[in-house]
Amino acid sequence: MSELPIIARARQHSEAVAIRAVVGDRRYSELLARSAAFASSLLRGDDDLNEGRVAYLVPAGFDYVLVQWGIWRAGGVAVPLSLSATGPELEYTLTDSQAQCVVVSKAYGDKVAAICKRLGLRLTIVDDFEPTDPQALPTIDTQRRAMILYTSGTTSKPKGVVTTHANIQAQIETLVEAWQWQSTDRIPLFLPLHHVHGIINVMSCALWSGATIEPFPHFEMDAVLSRVADDAYTVFMAVPTIYVKMIQALESMSESNREKMVAGFGRMRLMVSGSAALPASVHQQWTALTGQKLLERYGMTEIGMALSNPYRGDRRPGMVGQPLPGVQLRLKSDEGKVITGEGEPGEIQVRGPSVFNEYWHRPEVTAASFEEGWFRTGDMAVLENGYYRIMGRQSVDIIKSGGYKLSALEIEATLLEHPAVRECAVVGVADDTWGEAVAVAIVLNEGESLEMEMLRSWCRDRLSTYKIPKHLHIADALPRNAMGKVTKPAVATLF
Ligand code: MCA
Ligand code: AMP
């Protein structure tokens with residue numbers, strides 16, 4: 001019987017350590033056995049979940065993988081939830097994905113219990129799961145849907161990006177080949193596990209290769225740095241904000257401590273940056289501190305990774321390199337012309353097996369995001385001396401902060417629910433640490449007043465931390481277009 005490729009690969013490494021943790025190492029053989037048992041418990045006697053959506057709120061670790069693999073092996077679609085999501089955000093994802101049940105770690109049970117009750121969803125606590133005799137598991141065609149990841153964009157609410165098992169396999173294989181993943185690799189996993197960067201680039205590439213993951217519930221600077229000094233890792237992947245924060249930390253510690261950390265970084269075989277632009281100055285500072293030349297790459301939830309600096313060869317600061325194996329990429333000018341030469345900017349469009357299947361139950365939005373079979377990323381780039389450089393996004397409504405993609409429209413819609421707010425415009429302002437920080441200009445209702453801290457505390461139950469405005473400007477009026485609709489004020493005039 002043919003198995004899902006990631007499961008078949010795991011059998012080749014069954015005695016290797018998949019997850020390293022203080023509480024004990026876990027081998028691939030345990031992941032295989034426990035995920036089969038968990039799949040059986042999800043099936044509850046049925047033959048196949050037939051692409052039913054199973055959402056889960058589980059921190060990085062052995063349980064996360066067994067739940068994800070269990071869903072896949074039972075024929076379900078995995079919908080990972082954000083650990084930092086608020087109640088309304090979780091409820092939206094569960095409703096939009098039409099999840100049939102939710103799996104949680106005990107520590108997160110309270111976060112979803114009331115929502116599950118209201119929506120009539122079955123709630124399973126993964127810690128309480130007792131394996132019984134596994135039943136026969138279905139054969140899963142790789143063209144079937146495997147995962148839905150929610151991504152913000154130019155629509156007010158996040159959209160579900162559906163990938164098939166074949167898409168996921170293509171996204172993994174291109175990176176395993178290009179970055180020469182090996183079974184001897186060891187990598188820390190501290191990025192959120194409801195996005196491609198953490199799920200595919202770190203976790204799935206490592207597990208595909210028989211390598212070892214060391215999970216953290218989130219980026220814990222001191223713990224990670226101390227393990228770096230122990231030579232715990234061969235590969236490291238992070239967003240630019242994390243490199244900026246690590247530079248600040250290294251520069252402010254004692255020289256003897258810094259030497260130990262820097263030596264650990266210097267010995268790694270690969271350090272990667274992505275999810276947002278890595279300023280050339282940060283790239284250069286990192287090399288000056290550690291001797292490591294960061295490999296910057298470019299990707300997107302809908303396509304996995306598309307462009308990468310070379311594993312062997314010149315890694316150029318400020319550039320994202322060339323298309324990865326199997327990825328077809330073109331630039332399209334504003335006038336609709338395919339750009340063939342250097343120096344002319346255009347929108348990045350991508351085609352190939354790693355490109356997603358569809359936006360979940362949004363066929364019109366899916367159709368509009370493709371042109372002649374090419375996915376329109378909305379990112380602008382230019383080719384210079386054989387390497388691509390990202391120039392920015394076409395839409396001002398998309399903000400990248402700490403590596404998270406945020407929709408200005410979603411934040412505006414929430415802020416408009418505040419009783420003091422008559423009109424508002426959310427923009428991203430340049431920020432040395434976060435890349436961009438969320439800023440808002442607000443016109444108040446008659447007789448109302450509002451201060452930053454009041455607004456932030458009001459937002460806390462409604463928006464994840466990274467979506468909450470860092471800057472507030474009270475405006476007398478906002479600019480309007482010819483149709484009378486509020487438009488974005490020029491950032492420079494406000495913040
Ligand atoms: C947190 N804070 C912020 C932000 N986030 N302030 C401004 N902007 C932000 N974005 C503030 C909090 O309010 C808090 O302030 C303080 O910083 C600490 O918050 P905390 O959440 O603890 O921050 P952190 O743990 O230091 O988190 C920073 C982080 C995290 C580690 C960079 O944001 C992160 O893990 N980002 C990675 C996201 C990611 O993986 N994206 C991939 C998607 P106070 O102390 O005042 O309360 S993109 C993708 O997948 C595509 C395919 C790709 O290309 O990779
Ligand atoms: P997401 O939709 O969360 O997957 O984020 C994908 C977006 O992150 C892309 O569309 C780009 O705007 C941005 N991005 C990813 N990597 C880079 C990079 N190396 N440089 C600049 N922007 C990037």
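The values are calculated or read from the model by the stated rules, or taken from the named source; none is laboratory data. As the structure is a prediction and not an experimental result, all values here were calculated from the model. Positions of Cβ are backbone-derived with ideal geometry, glycine not excepted, and every protein chain shown enters the neighbour counts. Only protein heavy atoms, including side chains, enter the accessible area calculation; ligands, DNA and RNA are left aside. Shrake-Rupley method; radii C 1.70, N 1.55, O 1.52, S 1.80 Å.
Points worth noting:
- Qualifying residue in the range 203-214 (condition: more than 16 Å from ligand 1 (Cβ to nearest atom), open to solvent by less than 30 Å² (accessible area, probe 1.4 Å) and in a loop (DSSP other than H, G, I, E, B)): yes
- Top-ranked residue in the range 277-293 [being in a loop (DSSP other than H, G, I, E, B) and within 14 Å of ligand 1 (Cβ to nearest atom); ranked as farthest from Arg267 (Cα to Cα)]: Ala277
- Test: residue in the range 97-109 that is surrounded by 14 or more Cβ atoms within 10 Å (Cβ to Cβ), in contact with a helix residue (DSSP H, G or I) (Cβ under 6 Å, 6 or more places away or on another chain) and within 13 Å of Ser35 (Cβ to Cβ): yes
- Qualifying strands (runs of 3 or more DSSP E) (wholly inside the range 396-475; at least 1 residues being within 18 Å of the chain's Cα centre (by Cα)): 398-401, 404-407, 435-444
- Scan of the range 3-37 for residues that are open to solvent by less than 80 Å² (accessible area, probe 1.4 Å) and under 18 Å from His165 (Cβ atoms), ordered by number: Glu3, Leu4, Pro5, Ile6, Ile7, Ala8, Arg9, Ala10, Leu31, Leu32, Ser35, Ala36
- Any chance Tyr56 is assigned to a helix (DSSP H, G or I), touching a residue at least 24 places away in the same chain (Cβ under 8 Å) and under 19 Å from the mean Cα position of the chain (by Cα): no
- Residue count for the range 215-258, restricted to those that are in contact with a helix residue (DSSP H, G or I) (Cβ under 8 Å, 6 or more places away or on another chain), within 12 Å of ligand 1 (Cβ to nearest atom) and hydroxyl-bearing (Ser, Thr, Tyr): 1
- The combined condition, being of a type outside the set (Phe, Trp, Tyr), more than 16 Å from ligand 2 (Cβ to nearest atom) and not in a loop (DSSP other than H, G, I, E, B), is not fulfilled by Ala99.
- Looking across the range 154-200, just one residue is buried (at least 23 other Cβ atoms within 10 Å of the Cβ) and charged (D, E, K, R), and that is Lys159.
- Members of the range 69-93 found to be in contact (Cβ under 8 Å) with a residue 60 or more places away in the chain and within 20 Å of Asp141 (Cα to Cα), listed by number: Trp69, Trp72, Arg73, Ala74, Gly75, Val77, Ala78, Val79
- Looking across the range 401-411 at every residue that is buried (at least 20 other Cβ atoms within 10 Å of the Cβ) and of a type outside the set (Ser, Thr, Tyr), the one that is farthest from His471 (Cα to Cα) is identified as Gly403.
Yes or no, residue by residue, for (1) open to solvent by 10 Å² or more (accessible area, probe 1.4 Å); (2) over 25 Å from Trp374 (Cβ atoms); (3) in contact (Cβ under 8 Å) with a residue 40 or more places away in the chain:
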residue	(1), (2), (3)
Leu270	no, yes, yes
Ser273	no, yes, no
Ala280	yes, yes, no
Ile303	no, no, yes
